[in-house]
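Notes for the one structure printed next.
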Amino acid sequence: MKLLAGTSKGVFAVGESGEVVSVLPDRSVRDLAGVGRRVLAGADTGIFASDDGGRTWRPRGLEGRTVWKILAGPDGLGPVYAGTQPAGVFRSEAGAESWQEVETFRRAPGADRWCVPVTPRQPGRARALVVDWTDRKRLWVGVEVGGVVSTDNGGATWRIDLPGGNPDIHMMVAHPAKAGVLFASTGYGRLDGVAEMIEGNAGVFRSDDDGATWRYAWRGVTPSYARPMCIDPRPPHGLTVASAPTAFSSYKDEGGARAMLYRTEDGGETWRSLGDREHSPSAANFHGLVPDPSAPGGVLVGTDTGEIWRVGDRGEWRRLAAGLPSVLSLLPLR
């Protein structure tokens with residue numbers, strides 16, 4: 001399998017034998033996305049595009065912003081969205097040749113308070129995007145820290161929802177086969193600091209009504225802090241989530257990151273570990289996480305120790321590459 005890895009030090013091409021080549025250096029790349037034949041990289045210095053499978057890149061806008069999320073339609077022909085820090089939403093109707101800001105998003109209720117409550121305080125991040133591709137006026141944005149910000153009229157008006165009262169939104173996905181079903185992974189961040197680290201204050205939430213109401217779907221699962229998440233487009237649409245004790249859990253910690261990888265096939269009613277003996281828990285933390293296109297139910301996951309693993313539906317782990325910087329995002333190439 002050939003794939004691209006977005007890391008803390010740029011984009012690397014990974015060959016079928018595990019060889020790695022730097023193709024876009026000197027920047028942190030939070031997300032990678034395919035748009036038709038084009039590949040887009042969301043970096044801490046804007047958007048970059050490649051039209052030759054990741055071999056060469058050129059800047060394509062949003063300079064001065066950190067791009068946390070890129071979302072394109074399933075056919076690659078519709079609009080492309082980007083979520084940034086400071087919290088903003090941008091749309092391209094021209095294959096990411098140019099971008100227009102959805103300016104009304106910045107005027108959503110409570111937007112003036114969005115932030116990442118560290119010291120010194122950072123601007124909020126629009127780090128999760130979901131679009132209803134059957135009705136493209138419907139858009140959900142996960143803000144860290146701010147909540148789920150949604151519109152059903154193309155941005156004319158916006159609504160704020162807090163899953164379980166939690167505004168610390170990390171990832172969001174929509175169920176591929178069940179209209180109105182959304183999942184959000186969350187952490188302990190709050191607008192005024194950090195919540196108590198107890199069950200219910202971080203983890204996975206599920207909505208069955210387009211985000212209007214949410215219920216906690218992470219009971220009994222530890223560690224609670226949930227961040228990377230993906231859902232398989234193929235039945236039974238397994239939802240895979242990586243979790244760790246805190247936002248800063250790392251392989252450098254005493255005892256390692258103590259991270260786990262979990263899977264549910266019933267929408268969060270029950271969960272099972274995908275960890276093998278070495279990864280239950282894992283000393284390395286997990287960041288990049290995507291479905292494995294070559295294996296239904298499988299995922300590809302990157303670690304903060306610079307490794308990329310293929311994980312099977314039954315928890316079989318095979319290392320695909322090592323020696324990279326911290327792996328933040330992954331994109332299998334067709």
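A few remarks follow.
- Boolean, VAL67 is touching a residue at least 60 places away in the same chain (Cβ under 8 Å) and either within 20 Å of ASP304 (Cα to Cα) or open to solvent by less than 20 Å² (accessible area, probe 1.4 Å) (or both): no
- Matching residues, the stretch 266-325, being under 27 Å from LEU182 (Cα atoms) and among the small types (Gly, Ala, Ser): GLY267, GLY268, SER273, GLY275, GLY288, SER294, ALA295, GLY297, GLY298, GLY302, GLY312, GLY315
- Total residues in the stretch 133-153, condition of a type outside the set (Ser, Thr, Tyr), more than 16 Å from ILE70 (Cβ to Cβ) and modelled with pLDDT of 95 or more: 10
- Answer from ARG107, ARG91 - the residue that is under 19 Å from the mean Cα position of the chain (by Cα) and open to solvent by 30 Å² or more (accessible area, probe 1.4 Å): ARG91
- Residue within the stretch 142-149 that is part of a strand (DSSP E or B), at positive phi, open to solvent by less than 10 Å² (accessible area, probe 1.4 Å) and not basic (Lys, Arg) present: yes
The values are calculated or read from the model by the stated rules, or taken from the named source; none is laboratory data. Source: prediction; values computed, not measured. With ideal geometry, Cβ positions are generated from the backbone for all residues, glycine too; neighbour counts draw on all protein chains shown. Calculation scope for accessible area: heavy atoms of the full protein, side chains included, ligands and nucleic acids excluded. Shrake-Rupley method; radii C 1.70, N 1.55, O 1.52, S 1.80 Å.
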